[in-house]
Amino acid sequence: MKIILTKDVENLGFKYDELEVKPGYARNYLIPKGYAILSFPGMVKDINEIMKHRSKKEQSIIEKSKEIDNKLKGLTLQVKAKIGKGGKLFGSVSNKDLMEVLNKKGISIERKLIRIPGNKIIKTIGKQHAIIRLHKEIEISFNFEVVSY
């Protein structure tokens, strides 16, 4: 079933993307929640016009992502957490914790744009990897380390 997203949906796409999804997912979740509408030929034309006007905004997002990438290359991020025996955490490290560390370093990013591949949360100390997705075509990967305090 072809749909057009009306909002950014995590792990699916960005606003105004035209996607092919399973009919049940569209009918039972995306459309009732207001995340998507059905795709018709006339709507696709309207969306294409909107996308032309949004190209300036996307250029600024691309420039911002390049700046963030340059800042991250020079940083060593450390997330401090309370550690128990065997290197396991009391609790976990999530994208919220990464957002707070990045904000302290002067990089302002929303929590929903930060992804930790695999588990979504981290429960052990050591070096880890995360991805920032600001634009549908640009992903910025960075490494960080979970240390005890």
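Observations on the model:
- Taken about its Cα centre, the chain carries a charge dipole of about 560 debye when Lys and Arg each add +1 at the Cβ and Asp and Glu each add -1 at the Cβ.
- Förster radius 35 Å - calculated FRET efficiency between Ser148 and Glu20 (Cβ-Cβ, nearest 0.05): 0.15
- On the principal axes of its alpha-carbon atoms, the stretch 65-149 has extents of 41, 23, 17 Å, going from largest to smallest.
- What separates the Cα centres of the stretch 113-146 and the stretch 56-101 is a distance of 7 Å.
- Entries of Lys45/Lys105; Lys22/Lys88; Lys73/Lys120; Lys56/Lys112 with Cα pairs more than 31 Å apart: Lys45/Lys105; Lys22/Lys88
- Counting only GluC sites (Glu not before Pro) that DSSP places in a loop and that have at most 13 other Cβ atoms within 10 Å, the longest clean stretch of the chain runs over 11-109.
- Direction-averaged projected area, Cα convex hull, the chain: 10.6 nm², rounded to one decimal.
- Surface exposure of the stretch 78-126, expressed per residue as accessible area with a 1.4 Å probe, stands at 64 Å².
- Look at the alpha carbon pairs under 8 Å that are at least 6 residues apart: their mean separation over the length of the chain gives a relative contact order of 20 percent.
- Taken along the Cα-to-beta-carbon direction at a fixed 7 Å, the label points for Glu67 and Lys105 span 1.7 nm.
- Accessible-area composition of the chain, carbon plus sulfur, in percent [1.4 Å probe]: 50
- With the largest listed first and rounded to whole Å, the semi-axes of the equivalent ellipsoid of the stretch 1-55 from the Cα gyration tensor are 19, 12, 8.
The values are calculated or read from the model by the stated rules, or taken from the named source; none is laboratory data. Keep in mind that this is a model prediction, so the values were computed, not measured. Cβ atoms come from the backbone with ideal geometry, glycine included; neighbour counts cover every protein chain shown. To get the accessible areas, we keep the full protein, side chains included, count just its heavy atoms, and leave off ligands, DNA and RNA. Shrake-Rupley method; radii C 1.70, N 1.55, O 1.52, S 1.80 Å.
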